[in-house]
Protein chains: 4
Amino acid sequence: MVSDKPVILSDPDPRTLDLIFTPADLDALKALATVINHDAGRMPEDMVEEILPKASFVIGQTDLPRERLERAPHLRAIINVEGNFRQNIDYDHCFRNGIRVMHTGPVFAQTVAEMALGMALAVSRGLAPADRAFREGRELYQMDGNHGLGLMQGSPVGLIGFGDLGRAFRPLVAPFGCPVQVYDPWLPEHVIRAHDCTPAGLEEVLSNSRFIFVFASVTADNQGFIGRRELELIQPGATFLLMSRAAVVDFDAMIDCVAQGRFQAATDVFPDEPVAPDDPVRKVEGLLLSAHRAGAIDTAFWKMGELVLGDIGLMLKGLPPVGCKRAEPETVARMRSMTSDGLK
Amino acid sequence: MVSDKPVILSDPDPRTLDLIFTPADLDALKALATVINHDAGRMPEDMVEEILPKASFVIGQTDLPRERLERAPHLRAIINVEGNFRQNIDYDHCFRNGIRVMHTGPVFAQTVAEMALGMALAVSRGLAPADRAFREGRELYQMDGNHGLGLMQGSPVGLIGFGDLGRAFRPLVAPFGCPVQVYDPWLPEHVIRAHDCTPAGLEEVLSNSRFIFVFASVTADNQGFIGRRELELIQPGATFLLMSRAAVVDFDAMIDCVAQGRFQAATDVFPDEPVAPDDPVRKVEGLLLSAHRAGAIDTAFWKMGELVLGDIGLMLKGLPPVGCKRAEPETVARMRSMTSDGLK
Amino acid sequence: MVSDKPVILSDPDPRTLDLIFTPADLDALKALATVINHDAGRMPEDMVEEILPKASFVIGQTDLPRERLERAPHLRAIINVEGNFRQNIDYDHCFRNGIRVMHTGPVFAQTVAEMALGMALAVSRGLAPADRAFREGRELYQMDGNHGLGLMQGSPVGLIGFGDLGRAFRPLVAPFGCPVQVYDPWLPEHVIRAHDCTPAGLEEVLSNSRFIFVFASVTADNQGFIGRRELELIQPGATFLLMSRAAVVDFDAMIDCVAQGRFQAATDVFPDEPVAPDDPVRKVEGLLLSAHRAGAIDTAFWKMGELVLGDIGLMLKGLPPVGCKRAEPETVARMRSMTSDGLK
Amino acid sequence: MVSDKPVILSDPDPRTLDLIFTPADLDALKALATVINHDAGRMPEDMVEEILPKASFVIGQTDLPRERLERAPHLRAIINVEGNFRQNIDYDHCFRNGIRVMHTGPVFAQTVAEMALGMALAVSRGLAPADRAFREGRELYQMDGNHGLGLMQGSPVGLIGFGDLGRAFRPLVAPFGCPVQVYDPWLPEHVIRAHDCTPAGLEEVLSNSRFIFVFASVTADNQGFIGRRELELIQPGATFLLMSRAAVVDFDAMIDCVAQGRFQAATDVFPDEPVAPDDPVRKVEGLLLSAHRAGAIDTAFWKMGELVLGDIGLMLKGLPPVGCKRAEPETVARMRSMTSDGLK
């Protein structure tokens, strides 16, 4: 018996279909297409070889070199559900043959943006150290516990990187009436201005802002671009939030600055994860520590399925996808591959 | 030599003029009026008696029974700079004689609102316990550290009390797209709706919301109105934030519920402050502890001066004050006097 | 048979109860109080004299000199439903005796604000003259019909007067990203800043703005304060909108300026209404004419009842009113009485 | 002497470079590339043939069949400055060879969105007919002139089409607190919901809304999809705004409905432009007529240059363009070519 339904090769490791689809969305996907799924680790080679020739879509991070792609005549799209682009696909072949390559990274934008605002308020109001002090019987009441703390309202905010994360964050800070400067060398100024932000250089953002949010991706070119010299431009008492990737900053210099009381910081990412048990970062005052937790929330994973379902539905109607992030010929090779889970 | 300038009796204890005015605002006030100030504790009786007959304004919490007020023929306004109304003034005399009585409480609204949002995000994302865990070498990475946590985006929010605090808070949560229910028996429904909120009963707010913010003042009538029965209506996993006064809730019942894991909470206020060293509240998991720190920020105090300066300026031009909170004949006697500093 | 219900003397001429209350709201009011109403013109003197001694509330513009008020021992509030304060009440007696005097003017704020934005966009895009041209067969297509027209987005906006009207208008223009300057000598600067506007002098507002909205009330002091000299500060091509009262501007000078092509304008108010049939204002190009229609919409009248019902409900619970506008001792005598219907 | 600068073939007819670039932006473009421009009508064939082999970019609507494209080995992008995609390019060749094809249509989104809001307010408040009446001496004052008119605040709004126009419009209506339904069969529901709108069917949008905005593009498939049957679903007294293309609606049926007083309307587009002198549409009451003027504003044209400059700058840095609208393989052939100026 033959089905006319398009075939989806589903190889979502390290996710599973149940993690990324609600039951209703998965049913909807199965109504659109025959989903051949392998959830227990990466799909075996022979299974890939068998399904790929029939597949219209790949969901997952399957290796897709040119030889394989040439055996996939029906393939219309490859959707990475880690939220990044790996260097295991022949992108050039895909671009030349109208195979869309996309990822579901945008689902984490709101999750990270809320975390960023929460961490900024927590640091600037001393929530975590005050809670620790209270638990240890050394809390300070009222003004005594608030020396040097300030409002977010009206404070200059700086964003470093203005992709999905920065754009999800921008509206959250709007009711605080903060002037927002943005440093993003990948964007023309009119895009930044269209989001009610002011384009600025990196040094300007660092030296002007009371709250600095690092939302930049890591590329082959920008590792460590926020070095010690740049960090020393930050105002005393400012709050520095490292939300995207540890590699964009000189992490040791950042920790030094915080340990010396130059500014306060919060970080969700570390150069090596897990952090070593005796890493001195664990003892730094003025630092809010978060173990790569900004993105990985259950409800965010379900939005992955929503994007995938929506875009496959559109493509099957002869329409372009709109939810997932597309690989771009100019940049896909520059993005550093993820070593761990690709959340960021 | 005689000055025609109006006289201000300034008795700001437990504040000082330097705390509540920026130097520029204090200069501006002195250009408008002769400020006779006593900063070292409450103004002595004889000094009050000497100045009051000449005074057009009182800044502070000076006792003003009828006998005194009758000796103050020029008095136009009394401005409490604690942010409350004490029962040491003959309000009826003031109302009958066109003496405005006001306080500067509105300055704390933004400060508390930002703290409330920060605490809500901190609790719902586990920021303080995760930081503690990290410091103790037992942090959990990524999804392992996020079980059961959720976004604020789209979550039902409930506000209990919709005065200055609730109204300062409402816009901060707007970009999260949350439906907001409000319980406030002191307001007609049209006022609540005009702020893009839905009027609701107390039980409805408690049982529907993922985030519940208590912003209600304490009156003679509403002590403990959020009792154990009401607290047990709260959804598992919800976040409860006690921002205004401990007395509006059955505090022990609230702590029990959190200790049992029914819901999470944050509190900035306690039935007795300072909290006893051995109070078990210090050990409760799922509770974010803050030592009455939501309001008392330096920059908020300076806004007090801004309100006072603005309103005295208006009154001297023959205009009504607009910045300070006015005593209302209907309610001034109901508001519970503060025992400590009156921040809330 | 005796009712314990409080009595409302209702004398709403030139309104009627059916105009200002929805049926449901009127029922709700009657559940709270015994409403003794006279709809056919002003309530006769003897009827007033009979009801007033029992009345807790007056709805309407009834004459209330001291002699009458002294015969009204239960009176708690007088609510004018024209939306203004007349000089036919002994305000001083009311203030001294805790009788609240209020009006329902705030209901027109949204109505006028929407009209103001509509008129601004209509003038700046030439909607009315283009429609006339089209009807007369002389329309110009595309760019030919748009010479000199511009966007509101990012344009400097100036507000003259920042009471209820200005505050209802401010959010409507927020998504256009306009810097907004406000001239209002009745307000301290911090109030203006709190609404994301910049305080400015009258000349500054006139000379800087592409869109100028006049929302100022008329008082004994400010008639004609926008004179010819001030009008000549307006930029060529700017749009001037007279929304509140004709008397605040030198109306003839304004018409001259528009007729000479200095700037464009819209006006909803005129020095004498109805305007004389041969008044040359009817022929001025670049002027959008509206016959005092900004406020008087059915649904706005129903909101009057909502305010009245809400505030009477609060007062009967021992709470202060919050919806209606209160008379202020400092200013009530300054507000110019309305000659016509008091809408503004 | 040889320049290493990339070459731009500029053939912007019916625009000119001076129309679409500010002097500063044109200078900036010339600093990046050698611009070979032909402004006096379409670039002659032989000039195209000469320049194309050297060109990295084409600005304009030059015919580019495969034979030509094959002679353009350096070509990286073709940017249409009419704001549409014509069927005079071999898109397939472009997609297969990494030549980006884009248009500058997004620049008109804000311009049309403001016009749409202005027309909606103008129609719903009767601004144009009231102005005409005033000029003819038959104006009606206050309530007499407002029968049946209503507020936008809280009114159900329906958007048909949610591309650039709809998304530029959505924020403008946000402060009015309207529930917004969107019909757009090209979008998954999550995209619509992410803009705080509710996805809905066409009939639902038409029958539920007080304000209906048509922002849909014309494709080969959707001509006349809003037919008489659909139009008759519209509520009495609603306001219907045709902002995008006349061909999406049964125009005669729309005019009939308005002439019969079923609903009010405004239209910026007509099946044939210019409209015939004796077309009865010119006399219809309840209709606001605009001669294809929603987009063509000077400042919008300058934004074209801003997009072009920004995107060429990015591509020269090895980055993907972000400002212009990209042709999509799935849809580029479906978009109906423009007969006139391509503004919409």
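Brief remarks follow.
- Flag if A:MET304 is under 14 Å from the mean Cα position of the chain (by Cα), within 14 Å of chain D (Cβ to nearest Cβ) and under 30 Å from A:ALA28 (Cα atoms): yes
- When D:GLN235 is tested against (1) in a loop (DSSP other than H, G, I, E, B); (2) within 14 Å of another protein chain (Cβ to nearest Cβ); (3) surrounded by 15 or more Cβ atoms within 10 Å (Cβ to Cβ), just one condition goes unmet, and that condition is (2).
- Filtered by the rule that a residue be within 17 Å of D:ILE78 (Cα to Cα) and without any contact (Cβ under 8 Å) to a residue 12 or more places away in the chain, the range D:266-316 gives a lone residue, D:LEU314.
- Which numbered condition A:PRO321 fails, given (1) in the same structural domain as A:TYR183 (by TED's automatic domain parsing); (2) in a loop (DSSP other than H, G, I, E, B): (1)
- Only residues that are touching a Gly at 6+ places or on another chain (Cβ under 6 Å) and either farther than 27 Å from D:ALA300 by Cβ or part of a helix (DSSP H, G or I) (or both) were counted across the range D:5-31, and they come to 2.
- Subset of the range B:311-323 (residues that are surrounded by fewer than 21 Cβ atoms within 10 Å (Cβ to Cβ) and at the interface with another protein chain (Cβ under 9 Å from one of its Cβ atoms)): B:GLY313, B:LEU314, B:MET315, B:LYS317, B:GLY318, B:LEU319, B:PRO320, B:VAL322
Each row is one residue, and each column tells you yes or no for (1) more than 17 Å from C:PHE108 (Cα to Cα); (2) in contact with a Gly (Cβ under 6 Å, 6 or more places away or on another chain).
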residue	(1), (2)
D:THR111	yes, yes
D:GLY118	yes, no
D:GLY137	yes, no
D:GLN142	no, no
D:HIS147	no, no
D:LEU159	yes, yes
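- Any hit, the range D:252-264, residues being surrounded by 21 or more Cβ atoms within 10 Å (Cβ to Cβ), of a type outside the set (Ser, Thr, Tyr) and assigned to a loop (DSSP other than H, G, I, E, B): yes
- Counting the residues of the range B:166-196 that are over 21 Å from the mean Cα position of the chain (by Cα), outside any helix (DSSP H, G or I) and more than 10 Å from chain C (Cβ to nearest Cβ) gives 4.
- Selection count, the range A:51-69, where residues are among the charged types (D, E, K, R) and either closer than 23 Å to A:LEU19 by Cβ or surrounded by 13 or more Cβ atoms within 10 Å (Cβ to Cβ) (or both): 3
- A:GLU273 meets each of the listed conditions (1) crowded, with 18+ Cβ neighbours inside 10 Å; (2) at the interface with another protein chain (Cβ under 10 Å from one of its Cβ atoms); (3) of a type in the set (D, E, K, R); (4) outside any helix (DSSP H, G or I) apart from (1).
- Residue in the range D:308-318 that is assigned to a loop (DSSP other than H, G, I, E, B), farther than 28 Å from C:ASP131 by Cα, modelled with pLDDT under 95 and not basic (Lys, Arg) present: yes
- Entry remark, the range C:119-139: residues being out of contact with any strand residue (DSSP E or B) (no Cβ under 6 Å at 6 or more places or on another chain), under 13 Å from D:ASP268 (Cβ atoms) and within 7 Å of another protein chain (Cβ to nearest Cβ) number 4 in total.
- Yes/no for B:ARG125 being outside the structural domain of B:PHE21 (by TED's automatic domain parsing) and buried (at least 24 other Cβ atoms within 10 Å of the Cβ): yes
- From D:ALA77, D:ALA40, D:ALA31, residue being of a type outside the set (Val, Ile, Thr) and crowded, with 20+ Cβ neighbours inside 10 Å: D:ALA77
- Restricting C:ALA296, C:ALA247 to residues that are farther than 22 Å from C:SER124 by Cα and in a helix (DSSP H, G or I) narrows the list to C:ALA247.
- If the condition is being away from chain A (no Cβ under 14 Å) and of a type in the set (Ser, Thr, Tyr), then the range D:282-301 contributes only D:SER290.
- The range D:197-229, residues that are outside any loop (DSSP other than H, G, I, E, B), under 14 Å from D:LEU242 (Cβ atoms) and within 19 Å of the chain's Cα centre (by Cα): D:ILE212, D:PHE213, D:VAL214, D:ILE226
- Residue count for the range A:204-222, restricted to those that are touching a helix residue (DSSP H, G or I) at 6+ places or on another chain (Cβ under 7 Å) and free of Cβ contacts under 8 Å to residues at least 40 places away in the same chain: 1
- Matching entry among D:GLU45, D:GLU82 (being acidic (Asp, Glu) and more than 26 Å from the chain's Cα centre (by Cα)): D:GLU45
To keep it simple, each residue is scored yes or no on (1) touching a Phe, Trp or Tyr at 6+ places or on another chain (Cβ under 8 Å); (2) polar (S, T, N, Q); (3) farther than 29 Å from A:LEU140 by Cβ.
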| residue | (1), (2), (3) |
| --- | --- |
| B:ARG210 | no, no, yes |
| B:ILE234 | yes, no, yes |
| B:GLY237 | yes, no, yes |
| B:ASP252 | no, no, no |
| B:GLN260 | no, yes, yes |
| B:VAL269 | no, no, no |
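The values are calculated or read from the model by the stated rules, or taken from the named source; none is laboratory data. Since this is a predicted model, take the numbers as computed values, not measurements. We place every Cβ from the backbone using ideal geometry, glycine too, and count neighbours over all the protein chains shown.
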